[in-house]
Amino acid sequence: MSDPNNLADFLDLGWQRLTRGVADRHAAARHPIFATVSPTGQPEARTVVLRGASRADGTLEVHTDGGSDKVKSLRASPRAQLMVWDEKAKLQIRLSTSVTIHQGEDVADRWKNVPDGSRIAYGASPNPGTLIPNAHAYTKLASREWFTVLTCHVESIELMQLIDPHRRAVFKANDGWVGEWRVP
Ligand SMILES: Cc1cc2nc3c(=O)[nH]c(=O)nc-3n(C[C@H](O)[C@H](O)[C@H](O)COP(=O)(O)O)c2cc1C
């Protein structure tokens, strides 16, 4: 292992594990927890698929249904925290982000790349989360209109690694990602 006191190497590890999640469906970072705050102030967390991770742009990408509650929450409070527990690397990654919501023509190119079988995840009647009289009282629309891309602009990354001894660091965009050690 490289020098455990090297912050730059630690950050490299974090991004490596994240980008792996985009390419490899079996990687831990494939399925981050995506946490937002509802318009009434309730914390809400759910699993998503990590669709993109760009260290150069400092962004992560998530695809969702524009009718889902998380989109309502993000319109009210455009911030999300993503969290990954990567058991192989013994690494917890927490990313604090501000989120921009993209729909319509803006995401036409992305929609072209969504396989037919996956399009069902976008658009439902009635809207996702609506109370229904039985389990199957809904229709999936597979609709480009509801396809929504969430671009998460990473503001800070916290890495916590359960090696012996444990180590934890925080890296902030507005500090140029230099990083600082924290007590784990
Ligand atoms: C393995 C897994 C992957 C999921 N991927 C996504 C996803 O990429 N985008 C998404 O909107 N929901 C995804 N979901 C469903 C969400 O966890 C959630 O149930 C749904 O988006 C509704 O959330 P909301 O009502 O808080 O908006 C996934 C669920 C699981 C279990």
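The values are calculated or read from the model by the stated rules, or taken from the named source; none is laboratory data. Computed from a predicted structure; not experimentally measured. Cβ: placed from backbone, ideal geometry, glycine included. Neighbour counts: every protein chain shown.
Results, tabulated for the structure shown:
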{"read-out": "Pick from the stretch 29-61, criterion within 26 Å of PRO128 (Cα to Cα) and in contact with a Phe, Trp or Tyr (Cβ under 8 Å, 6 or more places away or on another chain), ranking: farthest from the ligand (Cβ to nearest atom)", "value": "ALA45"}
{"read-out": "Qualifying positions in the stretch 128-149 - touching a Phe, Trp or Tyr at 6+ places or on another chain (Cβ under 9 Å) and either without any contact (Cβ under 8 Å) to a residue 60 or more places away in the chain or assigned to a loop (DSSP other than H, G, I, E, B) (or both)", "value": "PRO128, THR130, ILE132, LYS140, LEU141, ALA142, SER143, ARG144, GLU145, TRP146"}
{"read-out": "Selection count where residues are within 12 Å of the ligand (Cβ to nearest atom) and over 23 Å from ALA35 (Cα atoms), scope the stretch 80-119", "value": "1"}
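Per-residue answers, yes or no, for (1) among the aliphatic types (A, V, I, L, M); (2) assigned to a loop (DSSP other than H, G, I, E, B); (3) at pLDDT below 95; (4) farther than 30 Å from PRO184 by Cα:
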| position | (1), (2), (3), (4) |
| --- | --- |
| LEU60 | yes, no, no, no |
| LEU82 | yes, no, no, no |
| VAL107 | yes, no, no, yes |
| SER118 | no, no, yes, yes |
| THR151 | no, no, no, no |
